[in-house]
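Here's the structure, in structure tokens; my notes come after.
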Amino acid sequence: MRPRSVAIIGASTREMSAGWRVLRNLRATGFKGAVYPINPRYDDIAGLRCYPSVGQLPEVPDAAFIGIPAEQVAGVLEELGAAGTKAAVCNASGFADGGPDGIERQRAMVEICTRHGMKLCGPNNTGFLNLVDNTSIFTWPRMPNLRRGAVALLTHSGSLAIAFGQEENDIGLAYVVTAGNEAVCAAADYLDFIVRDPRVKVAALHLETIRKPELFAAACDEAARRGIRVVALKVGESDAARASIAAHTGSLVGDDRATDAFLRRCGAVRVRDLDEFAETTRLFAEVHERPRTRHIAAMTFSGGQAGLIADIAERIGLSVPQFNPATIDKLRAGFPPFGTPRNPIDAWGLGWDDDRFKAMVAAPVEDAEMAALAICVDLPRGGGADTFIFDGALPIIAPLVGQGGRILFINNMTGAGFNQAMLEKLKAAGIPVLR
């Protein structure tokens, strides 16, 4: 994960070849170590001397990228192991994902790596990104402008890694690892490494299977000890999904109820789709401390949404309880004599007034029984809806956040996209934004 030198076996000047992409991506991420292209057909590639074989390199590389067909990988792995290289990335398919011949090729790969004490990322993957240490042994055709941050993404899908890395709300990433067939290194190995990095605050896992469950559980325990949140999108609930996984990486998937219980025991937060995966990861990246309770206060700019919020909260194990008498007394400053303060709060039903709104927000934020105040409004990309109201409300909310108030912002609908100007204002105020 932090090599000082990288050999690229199968390096090429063809721009869409895997070797060329790895070379370009190493440079794009600012890798400062030595890079050794290996291909007997070239004297130099991209200004670097190109070597005919591993044995003719001026030093033993810390890591190697193997960008050649599956049938040729075993011989190169043997050569690397004999030279003393201890880590390799192999992106070729045609191993456990490729029928009886592929299964035999993967068995030989494991035997060679075990004999030489080599770590292997893959095969059948796109490699890894270590953004915090400027290392990228990764085959993305185009490197997006990724923002460095505190999230480590481990996935069995290269395309999911690309989608997550370019997600429009700009999740800051420390690591991206695509595990592939996990011939040698499994998600548990990467997780065990990543949770020991103090720069990581969230581990986001997309899993088809869980190998090395003892190590996985121990890594989750270590994550909990260090205050790192673990989010897991585990697929394989249906028979069709299990068949797809077997074809994709050659993995066997067990009973989903057992998996659910195991992840719960590990303290991982399980999510069910990609949107929930991204939103939960973003929330944990921005809010590090755990909530005090399961009770939330909610505020809408439309009384018609209050029932829906209460339904969703109950479905996911939260409660929207009525306020205690002390909080109700504080809230009365925002209500007329005939009004009864309730949770969720309708902030618009009685017309707009800055002082009333300030009282409505401050009271639930100061209530120790409430984990957070969730403010739910509509800020569509094109403006309109609640944008003009909330633009005036934000200066009232922001000081409460600065004083330690727990406030979340939830955009009610996402089909039209998010209002970017308001998003920047919310970020500047330190308010987590969920869609």
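The values are calculated or read from the model by the stated rules, or taken from the named source; none is laboratory data. Note that this is a predicted model, so its numbers are computed, not measured. Quick reminder, even Gly has a Cβ in these numbers, built from the backbone with ideal geometry, and neighbours come from all protein chains shown. Protein only, heavy atoms only, side chains kept; ligands, DNA and RNA dropped before computing areas. Shrake-Rupley method; radii C 1.70, N 1.55, O 1.52, S 1.80 Å.
If we count every other residue with Cβ under 15 angstrom of W352's Cβ, Lys/Arg +1 and Asp/Glu -1, where does the sum land? Let's see the in-between values first.
Working: positive: R356, K358; negative: D346, D353, D354, D355, D386, D391.
Around W352, the surrounding residues sum to -4.
Going by average Cβ density within 10 Å per residue, which order do the peptides 386-398, 324-336 take, highest to lowest? Kindly include the intermediate steps, with their values, before the conclusion.
Working: 386-398: 17.1, 324-336: 15.5.
So the order, starting with the most tightly packed, is 386-398, 324-336.
Provide the net charge surrounding P380, with neighbours chosen by a C-beta distance below 13 Å and charges set as Lys +1, Arg +1, Asp -1, Glu -1. Walk me through the intermediate numbers first.
Details: positive: R381, R435; negative: D378, D386.
Every neighbour counted, the sum reads 0.
Give me the angle, in degrees from 0 to 90, between the Cα long axis of helix 354-366 and the longest principal axis of the Cα atoms of the chain, rounded to the nearest 10.
Computed tilt is about 60 degrees.
Which percent of the accessible area of the chain is formed by carbon and sulfur heavy atoms (probe 1.4 angstrom)?
Numbers: 10330 of 19260 Å².
Here carbon and sulfur together make up 54 percent of the probe-accessible area.
What residue among P337, P52, P364 shows peak mean-square fluctuation when the chain is described by a Gaussian network model with Cα springs under 10 Å?
P337
If I model a spin label as a point 7 Å beyond the Cα along the Cα-Cβ vector, how far apart are those points for E369 and Q322 in nm?
The modelled label-to-label distance comes out at 1.1 nm.
Over 24 Å between Cα atoms, which of K86/K212; K86/K234; K32/K86; K358/K425; K330/K427; K234/K427 qualify?
Details: K86/K212 21 Å; K86/K234 30 Å; K32/K86 19 Å; K358/K425 18 Å; K330/K427 28 Å; K234/K427 30 Å.
Cα-Cα > 24 Å for K86/K234; K330/K427; K234/K427; rest within.
Describe numerically, in nm with one decimal, the distance between label points set 7 Å from Cα along Cα→Cβ at F338 and at R49.
Here the answer is 9.0 nm between the modelled labels.
Considering only DSSP beta bridges with both partners in the chain, what is the antiparallel share in %, to the nearest 5? Show your work: numbers first, answer last.
Numbers: 10 of 62 bridges.
Approximately 15 percent, going by the DSSP bridge assignments.
On average, how much accessible surface per residue is there in region 252-351, in Å², for a 1.4 Å probe, leaving out ligands, DNA and RNA? Don't skip to the answer; put the middle values down first.
Values: 5760 Å² over 100 residues.
On a per-residue basis, 58 Å².
Expressed in nm to one decimal, what extension gain is obtained for the pair D329 and A428 from 0.36 nm per residue of sequence separation less their Cα-Cα distance? Intermediate values should be presented prior to the final figure.
On the way: separation 99, 0.36 × 99 = 35.64 nm, distance 3.16 nm.
In short, 32.5 nm is gained.
Looking only at M16, M118, M109, which one moves most when the chain is put into a Gaussian network model with springs between Cα atoms under 10 Å?
Between M16, M118, M109, it is M16 that shows the largest mean-square fluctuation.
I'd like the orientation of helix 18-28 relative to the chain: the angle between its Cα long axis and the longest Cα principal axis, in ° from 0 to 90, rounded to 10.
50 degrees
Can you order the peptides 88-101, 23-36 by their average number of other Cβ atoms within 10 Å per residue, highest first?
Values: 88-101: 20.6, 23-36: 17.5.
In decreasing order of mean packing, 88-101, 23-36 become 88-101, 23-36.
For the chain, what's the relative contact order in percent, using C-alpha pairs closer than 8 Å and at least 6 residues apart? Walk me through the intermediate numbers first.
Values: 854 pairs, mean separation 39.9, N = 435.
Relative contact order of the chain: 9 percent.
For the chain, what is the mean residue ellipticity at 222 nm derived from helices alone (per DSSP H run of n ≥ 4: -39500 (n - 2.57); sum divided by total residues; nearest 500 deg cm²/dmol)? Working shown, then result.
Working: 14 runs with 158 residues, N = 435.
So the helix-based figure for the chain works out to -11000 deg cm²/dmol.
Need the full-extension length gain, R225 to D354, defined as separation in residues times 0.36 nm minus the C-alpha distance. One decimal, nm.
Once the chain is fully extended between R225 and D354, it gains 42.1 nm.
What percent does the relative contact order of region 1-160 come to when contacts are Cα pairs within less than 8 Å and at least six residues apart?
Working: 298 pairs, mean separation 38.9, N = 160.
Relative contact order, region 1-160: 24 percent.
Tell me which cysteines of the chain come out unpaired when the rule is another cysteine's Cβ under 4.7 Å.
Taking the Cβ cut-off of 4.7 Å, the unpaired cysteines of the chain are C50, C90, C113, C121, C185, C376.
Let me spell out the model: positive unit charges on the Cβ of Lys and Arg, negative unit charges on the Cβ of Asp and Glu, origin at the Cα centre of the chain. What dipole size does that give, in debye rounded to 20?
Working: 47 positive and 49 negative charges, 175 e Å.
I would put it at about 840 debye.
Per residue, what accessible area does region 67-108 have, given a 1.4 Å probe and all protein chains present, in Å²? Each step should come with its number before you reach the end.
Working: 1860 Å² over 42 residues.
Roughly 44 Å² per residue, with all protein chains present.
Each label point is 7 Å from the Cα along the Cα-to-Cβ direction; what then is the distance between the points at Q403 and A163, in nm?
4.3 nm
Give, as ranges by residue number, the residues of region 65-82 whose backbone N falls under 14 Å from the point 7 Å along Cα→Cβ of D101.
Answer for region 65-82: 69-73.
In the Gaussian network model of the chain, springs joining C-alpha atoms below 10 Å, which of A11, A362, A64 carries the largest mean-square fluctuation?
Per the Cα network of the chain with a 10 Å cutoff, A362 tops the list.
In degrees between 0 and 90, to the nearest 10, how far off the longest principal axis of the chain does helix 99-116 point, with axes built from Cα atoms?
Rounded to the nearest ten degrees, it is 80.
Report the gain in length on full extension from S17 to T293: 0.36 nm times residue separation, minus Cα-Cα distance, nm rounded to one decimal. Mind showing how you got there, number by number?
On the way: separation 276, 0.36 × 276 = 99.36 nm, distance 5.23 nm.
Length gained, S17 through T293: 94.1 nm.
Can you check what the net charge comes to around R199, using other residues whose Cβ is under 13 Å from the Cβ of R199 (Lys, Arg +1; Asp, Glu -1)?
Numbers: positive: R2, R148, R196, K201, R226; negative: D133, D197.
Here the count lands on +3.
Give the residues of region 402-435 whose amide nitrogen is closer than 19 Å to a point set 7 Å from the Cα of L308 in the direction of its Cβ.
408-419, 433-435
Which order do the peptides 281-287, 176-182 take when ranked by the mean count of other beta-carbon atoms within 10 Å per residue, highest first? Write out the running numbers ahead of the final one.
Working: 281-287: 20.7, 176-182: 27.6.
With the highest mean Cβ count within 10 Å placed first, the list reads 176-182, 281-287.
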